Number of protein chains: 2
Amino acid sequence: METETRPDSRLDPIGVFDSGIGGLTVAAALSRLLPSETIFYIGDTARVPYGGKSRKTVERYSVEIGGLLLAEQAKIIVVACNTASALAVPRLKQIFNVPIQDVVAPGAAVAVRTTRSKRVGVVGTRATIASGAYERAIQALDPTIEVFSAPCPLLVPLIEEGMFNDSITDQVLARYLQPLLEQSIDTLVLGCTHYPLARQAIARAAGENVTLVDSAENCALAVQALLKANSLAAPSDQLGHLNVALTDATEGFLRTAERALNLQIGDVELRSVQAG
Amino acid sequence: METETRPDSRLDPIGVFDSGIGGLTVAAALSRLLPSETIFYIGDTARVPYGGKSRKTVERYSVEIGGLLLAEQAKIIVVACNTASALAVPRLKQIFNVPIQDVVAPGAAVAVRTTRSKRVGVVGTRATIASGAYERAIQALDPTIEVFSAPCPLLVPLIEEGMFNDSITDQVLARYLQPLLEQSIDTLVLGCTHYPLARQAIARAAGENVTLVDSAENCALAVQALLKANSLAAPSDQLGHLNVALTDATEGFLRTAERALNLQIGDVELRSVQAG
């Protein structure tokens with residue numbers, strides 16, 4: 001995509017959104033990799049979660065939040081939500097004239113490079129798994145790879161309760177991963193931006209023969225490349241910061257995530273969505 | 001509340017709403033108790049759950065869904081969602097000129113009549129428990145009763161997965177109920193309309209010395225009384241039916257609930273909310 005580069009648009013923020021707080025794993029990965037960049041994050045906590053909702057509804061919500069990010073002068077939109085990445089990115093690319101980075105393609109590309117056995121597992125929300133987005137993205141790169149997917153609907157609620165290391169989470173994971181492990185996968189894509197918060201528990205359940213692919217880290221690398229390709233990277237003498245806005249006043253597990261990700265989040269702004 | 005009674009308004013439907021599917025436990029109790037009544041149920045599945053959201057957002061959503069029910073000629077609005085009952089009923093009563101029945105007051109009244117030890121437990125979503133609505137309603141009726149509350153945030157996701165009888169659900173319940181049982185409660189209010197679906201598991205975890213108070217059944221009894229007081233009860237020679245509308249096309253666990261509640265739900269209608 002060609003984008004007109006004004007002299008100062010490199011200083012504009014990276015816009016990042018998620019249905020809620022989970023996408024902060026992407027914001028944290030961006031902060032670590034690109035400390036010169038300012039990030040404007042919006043969590044649509046008034047309507048969280050997107051994971052069980054229809055394509056039309058997820059598109060509608062994503063377009064609305066994308067517009068709020070552009071109102072903040074975002075130079076690029078990062079869809080830090082696997083459900084929205086799986087369902088709404090074509091619509092966002094149709095509507096908005098800034099580079100758009102989803103969270104599915106980078107994870108898929110790394111999974112293809114990682115697997116030796118050509119047997120890859122994917123875990124995510126019900127909507128992400130039902131969309132088949134990872135399967136399509138992986139097989140477009142290498143049609144000989146077999147993809148085994150498992151929806152893990154209880155994992156987000158467990159993470160939002162801060163139960164990262166808990167016997168109940170371990171049992172739930174064991175149950176979800178069993179059918180994938182029976183297929184002898186050697187690579188497992190964490191297809192939901194919440195999941196890196198439970199990375200240790202997932203690694204325990206998957207065992208040492210399975211390599212985890214973290215969609216947050218790989219999304220940050222893709223954003224770095226996209227900024228460079230569009231001459232939009234902030235000058236390296238800048239010091240960026242992270243702004244967080246939510247669409248509902250309840251912060252939910254924001255402070256839990258802040259601690260777990262070692263982020264610095266100050267006052268949280270509130271943004272209205274059309275629901276009210 | 002005085003309501004002008006037109007000759008035919010007794011034939012209008014009872015309007016029932018919930019953030020999602022859970023309020024069908026109330027619709028099912030109404031159908032059993034009042035077979036002459038037609039019920040129009042709206043589940044706000046585009047924005048489910050309400051349980052973690054702020055008062056202002058829950059008010060806004062409830063007013064919008066209440067308006068949709070009035071567009072269906074509802075003669076009474078039943079707030080079959082404990083979170084909306086706890087947070088939005090004063091606003092609904094301010095705005096709408098039909099009788100409004102919440103789901104908190106009936107459960108509180110039955111708990112007061114049931115307890116011998118004057119030690120009552122309440123379980124519900126985080127928002128319902130934080131609101132203190134049950135505690136206030138119970139102590140308004142009998143200030144000598146001690147109320148012990150526990151938020152059970154994982155219980156709705158477990159129920160929506162159909163895990164009514166599952167060792168993981170049992171462990172989660174044991175953990176949530178332990179502090180209440182240590183307080184020697186003899187009565188436990190199921191303060192969320194989802195919870196009657198897991199009644200057996202909750203009864204196992206609570207033990208035989210604790211009486212469960214089902215807010216769905218008691219809400220239906222309160223609706224019966226309110227219809228009578230307002231001369232709005234359907235003639236007994238009518239045969240009512242249940243209409244279900246959702247605000248998102250994804251039916252989520254509708255069919256799971258339909259089977260568990262032995263309901264007859266035909267085609268599901270779709271209603272737009274302002275979010276789109």
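The values are calculated or read from the model by the stated rules, or taken from the named source; none is laboratory data. This is a predicted model, so every value here is computed, not measured. No Cβ is skipped: glycine too gets one built from the backbone with ideal geometry, and neighbour counts run over all protein chains shown. Ligands, DNA and RNA are excluded from the accessible area calculation, which covers all protein heavy atoms including side chains. Shrake-Rupley method; radii C 1.70, N 1.55, O 1.52, S 1.80 Å.
Mean separation of Cα pairs under 8 Å and 6 or more residues apart, divided by the residue count, gives chain B a relative contact order of 27 percent.
Shown in residue order for region B:107-120 are the 3J(HN,Hα) couplings computed by the Karplus curve 6.51 cos²θ - 1.76 cosθ + 1.60 at θ = phi - 60°: x, 4, 4, 5, 4, 5, 6, 8, 5, 9, 7, 6, 10, 10 Hz (x for Gly and Pro). 3J(HN,Hα) along region B:71-86, derived from phi through the Karplus expression 6.51 cos²θ - 1.76 cosθ + 1.60 where θ = phi - 60°, amounts to 4, 8, 6, 4, 8, 7, 10, 9, 8, 8, 9, 5, 5, 5, 4, 6 Hz, with x in place of Gly and Pro. The interface between chain B and chain A buries about 2600 Å² of solvent-accessible area in total (1.4 Å probe, ligands and nucleic acids excluded). The same position A:ASN262 in the other copies lies at 5.8 nm from this copy, comparing label points 7 Å beyond Cα toward the beta-carbon, shortest first.
Residues in region A:93-101 carry Karplus couplings, in order, of 5, 5, 8, 9, 9, 10, x, 10, 10 Hz; the curve used is 6.51 cos²θ - 1.76 cosθ + 1.60 with θ = phi - 60°, and Gly or Pro positions show x. Backbone amide hydrogens, once placed in the peptide plane, bring B:PHE148 within less than 5 Å of B:VAL120, B:GLY121, B:VAL122, excluding anything fewer than 5 places away on its chain. Each other copy places its own label point for A:SER184 at 6.1 nm from this one, sorted shortest first, where the point lies 7 Å along the Cα-to-beta carbon line. Taken as Cα centroids, region B:214-270 and region A:114-176 sit 37 Å apart, rounded to the nearest whole angstrom. Largest to smallest in accessible area, the residues B:ASP237, B:ASP142, B:ASP18 fall in the order B:ASP237, B:ASP142, B:ASP18 (1.4 Å probe, all protein chains included). Here the Gaussian network model covers chain B, with springs between Cα atoms less than 10 Å apart; of B:GLN139, B:GLN94, B:GLN73, B:GLN94 fluctuates the most. Semi-axes of the equivalent ellipsoid of chain A are 29, 21, 18 Å, computed as sqrt(5λ) over the eigenvalues of the C-alpha gyration tensor in descending order. Which of A:ALA88, A:ALA71, A:ALA130 moves most in a GNM of chain A, Cα contacts under 10 Å? Looking only at A:ALA88, A:ALA71, A:ALA130, the largest GNM fluctuation is found for A:ALA71. Expressed per residue, the C-alpha convex hull volume of the protein assembly as shown stands at 154 Å³. Suppose the Debye formula is applied to equal point scatterers at every Cα of region B:182-261; what is log10 I(q)/I(0) at q = 0.12, 0.18, 0.21 Å⁻¹? The calculated log intensity ratios at q = 0.12, 0.18, 0.21 Å⁻¹ are -0.57, -0.99, -1.08. Amide H to amide H, with H built 1.01 Å from N, A:HIS241 comes under 5 Å of A:THR38, A:ILE39, counting only residues 5 or more places away or on other chains. Centre-to-centre, using Cα atoms only, region A:80-96 and region B:29-53 are separated by 32 Å.
What separates the B:ASN165 label point from its copies, with the point 7 Å along Cα to Cβ, is 3.7 nm, written shortest first. Per-atom-type breakdown for the protein assembly as shown gives carbon and sulfur 49% of the accessible area (1.4 Å probe, protein chains only).
Neighbours of A:ALA198, meaning other residues whose beta-carbon lies under 12 angstrom from its beta-carbon, give a summed charge of -3 when Lys and Arg score +1 and Asp and Glu score -1.
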